[in-house]
Amino acid sequence: MKQGKKIKMPVKDTPSLDICARPRRNRKSRSIRNLVRENWLLPEDLVYPLFIHVKDHDEEIESMPGCRRWSVSGLVEEVRRAHVLGIGAVMIFPAVEDSLKSQFAEESYNPRGLVPEAVDALKEQVPEVSVITDIALDPYSSDGHDGVVSASGEILNDITVEVLCKQALCHATAGADIVAPSDMMDGRVGAIREILDEEGYTNVSIMSYTAKYASSFYGPFRGALDSAPRGGDKMTYQMDPANSTEALRELILDEEEGADIVMVKPAGYYLDLVSLFRENTDLPVAAYQVSGEYLMIKAACESGWLEEEKTVLESLLSIKRAGADIIITYFARKAAEILNQIRG
Ligand code: PBG
């Protein structure tokens, strides 16, 4: 980088003939700042994750203040409201009744299950909005794991991938635009691509949770779905927060297996990974600001310690600046409202 000439600093801030680099000139007014602005956050960048349940009314989620578990009709209305603000894609996560959970998570590919019903309603009533479904077994697993658990407590990879393929096909049949495997089993992206293509769903995209870390920041989400592991943790399949080179290996594999979009999760504490992905792939990069990140900002703002509107936008802009094309955030609707007000 070119450096300004070394000069002696003037003692007083009076007109001076000394040559001095003055980066502040590019910050002197809002219009100049806008001209030189490198990154703009847009409602169109955001994906809005939403929780659903079978009940016919909406419920506040205790572990995630400000978020709700929606009925299917409540979901459709919320997606409509988000769409008016410029949000073009939503992700849906089902809260599944205990009686439907099982070791092999059969409910995950029930064509009459909650997710197919919700996808169908959304595609019927707000067809312009892209629907992304989560591919993993945890909401349906009696063990609360993303995969099938053996009697000895092992998470079985290849058997799980077979179930995930059925789940992806079930969601594609219901009309999902994108399926998003969040389970971290090996080989699942390639297997899902193959079954979707075989069955004629060549247009259904795969957004892969490529570098998904075994993070404490998922706690509030598991509270929302009552999907926490009943035993053990997720360290044998989700990545070790200490590693980044290993994420490149996952990235190469997902590219080879046919992912359309690659994801880093969580986002805020993993911005180095977002940049690393941006530099190492031509695929679009998504980043997921997870429930714990949401909650930290929300809690600090509710207690008056931080100012919500600015903090939310700054947290999302930072993720964009790091290199994300797509940002998944529970603040999506709120952020889109603020962005529209600024524009308006
Ligand atoms: C399920 C899944 C999880 C999240 C997204 N999909 C939980 C987990 O892996 O334990 C976390 C999202 C969040 O915390 O906001 N596989």
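Just so it is clear, none of the values below were taken in a lab; they were calculated from the coordinates. These numbers come from a predicted model, not from an experiment. Backbone-built Cβ (ideal geometry, glycine too); neighbour counts: all protein chains shown.
Overview of values
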quantity: Two-decimal Rg/Rh across the stretch 150-235, once Rg and the Kirkwood Rh are taken from alpha-carbon atoms; calculated: 1.00
quantity: Nearest-ten-degree value, helix 188-198 long axis tilted from longest Cα axis of the chain; calculated: 70 degrees
quantity: Cα-based Rg / Dmax (Å) for the chain; calculated: 22.2, 80
quantity: Paramagnetic reach from Thr236 in the stretch 190-224 [backbone N under 19 Å; point 7 Å along Cα→Cβ]; calculated: 212-215
quantity: Given Lys101/Lys310; Lys265/Lys310; Lys123/Lys310, the pairs whose alpha carbons are separated by over 31 Å; calculated: Lys101/Lys310; Lys123/Lys310
quantity: Theoretical FRET efficiency, 1/(1+(r/R0)^6), r = Cβ-Cβ of Glu256 and Glu106, R0 35 Å, to 0.05; calculated: 0.70
quantity: Stretchable slack from Leu42 to Arg24, in nm (0.36 nm times residue separation minus alpha-carbon distance); calculated: 3.9 nm
quantity: Rounded tilt (10° steps) of 157-174 against the dominant C-alpha axis of the chain; calculated: 80 degrees
quantity: Local electrostatic count, Gln238, Cβ distance below 12 Å [Lys/Arg +1, Asp/Glu -1]; calculated: -4
quantity: Cα long-axis angle, helix 291-302 against the chain (0 to 90 degrees, to the nearest 10); calculated: 50 degrees
quantity: Virtual paramagnetic centre 7 Å along Cα→Cβ of Asp98, amide N under 14 Å, in the stretch 197-228; calculated: 226-228
quantity: Exposed-loop-free span, longest in the chain, where chymotrypsin sites (Phe, Trp or Tyr not before Pro) count as exposed if DSSP calls them loop and at most 11 other C-beta atoms lie within 10 Å; calculated: 41-304
quantity: Per-residue [θ]222 nm for the chain (sum of -39500 (n - 2.57) over DSSP H runs n ≥ 4, rounded to 500); calculated: -11500 deg cm²/dmol
